[in-house]
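Following: one structure in structure tokens, then a few remarks.
The values are calculated or read from the model by the stated rules, or taken from the named source; none is laboratory data. Here the structure is a predicted model, which is why all the values come from computation and not from measurement. With ideal geometry, Cβ positions are generated from the backbone for all residues, glycine too; neighbour counts draw on all protein chains shown. Note: areas computed on protein heavy atoms with side chains; ligands, DNA, RNA excluded. Shrake-Rupley method; radii C 1.70, N 1.55, O 1.52, S 1.80 Å.
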Amino acid sequence: MQIEQTIFRDAPQKISGRLRKLFEQAPHAPLEPVLLHQQPVKQRQLFIRRAIEDGRLVFAQLLPVNGDGHRVNVHATVKKLTNDRFLFQAHNLSYVVHFTQINYIASL
């Protein structure tokens with residue numbers, strides 16, 4: 001009985017110590033995604049058309065309109081809104097972008 005109480009009393013410290021080591025050793029992700037090479041226009045148009053027709057999940061790198069200038073990598077489905085605007089829908093996020101803001105797109 002005494003051994004079980006010691007195990008339970010010391011468990012939180014041991015667990016937190018091991019978790020701290022894990023997080024200290026984990027590689028740190030860059031704050032901003034790396035800019036991928038922009039695909040040719042024809043290739044982006046083809047991939048978008050196929051993704052919309054098949055309802056595929058895609059990986060895309062989107063370039064922003066706002067002044068912050070942060071790139072966004074998303075795994076989402078694509079829908080066409082108008083001739084030059086597209087809707088990328090992830091789980092709880094939606095991005096409405098112009099074709100020129102799509103830097104890279106690939107099927108998953």
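Report Rg (one decimal) and Dmax (nearest whole number) for the range 37-107, counting Cα atoms only, units Å.
Rg and Dmax of the range 37-107, Cα atoms, are 11.1, 34 Å.
So if R0 is 25 Å, what FRET efficiency would T77 and H37 give, r being the distance between their Cβ atoms, rounded to the nearest 0.05?
Working: r = 24 Å, r/R0 = 0.95.
My answer for the efficiency is 0.55.
Treating the beta-carbon of each Lys and Arg as +1 and of each Asp and Glu as -1, no other charges, what is the dipole magnitude of the range 37-107 about its Cα centre, to the nearest 20 debye?
The dipole of the range 37-107 has a size of about 180 debye.
Per residue, how large is the accessible surface of the range 37-107? Use a 1.4 angstrom probe and give square angstrom. Please list the in-between numbers first.
Values: 4490 Å² over 71 residues.
Here the per-residue accessible area is 63 Å².
Stretch A90-L22 to full length: gain in nm at 0.36 nm per residue minus the Cα-Cα span?
That works out to 21.5 nm of additional length.
How much of the accessible area of the range 37-107, probe 1.4 Å, is carbon plus sulfur, in whole percent?
Exposed carbon and sulfur together represent 51 percent of the surface.
Pulled fully out, how much extra length does the chain show between I52 and A11, if you take 0.36 nm times their separation in residues and subtract their Cα-Cα distance?
Full extension from I52 to A11 adds 9.6 nm.
On the full set of protein chains, 1.4 Å probe, figure out the accessible area of R56 and give it in Å² to the nearest 10.
90 Å²
Local charge sum around L87 (other residues, Cβ-Cβ under 12 Å, Lys/Arg +1, Asp/Glu -1)?
Residues close to L87 contribute a combined charge of +3.
Which FRET efficiency, nearest 0.05, do Q45 and D68 yield, Cβ-Cβ r, R0 25 Å?
Details: r = 27 Å, r/R0 = 1.09.
According to the calculation, E is roughly 0.35.
If ligands, DNA and RNA are left out, what is the accessible area of L93 with a 1.4 Å probe, given in Å² to the nearest 10?
Accessible area, nearest 10 Å²: 80 Å².
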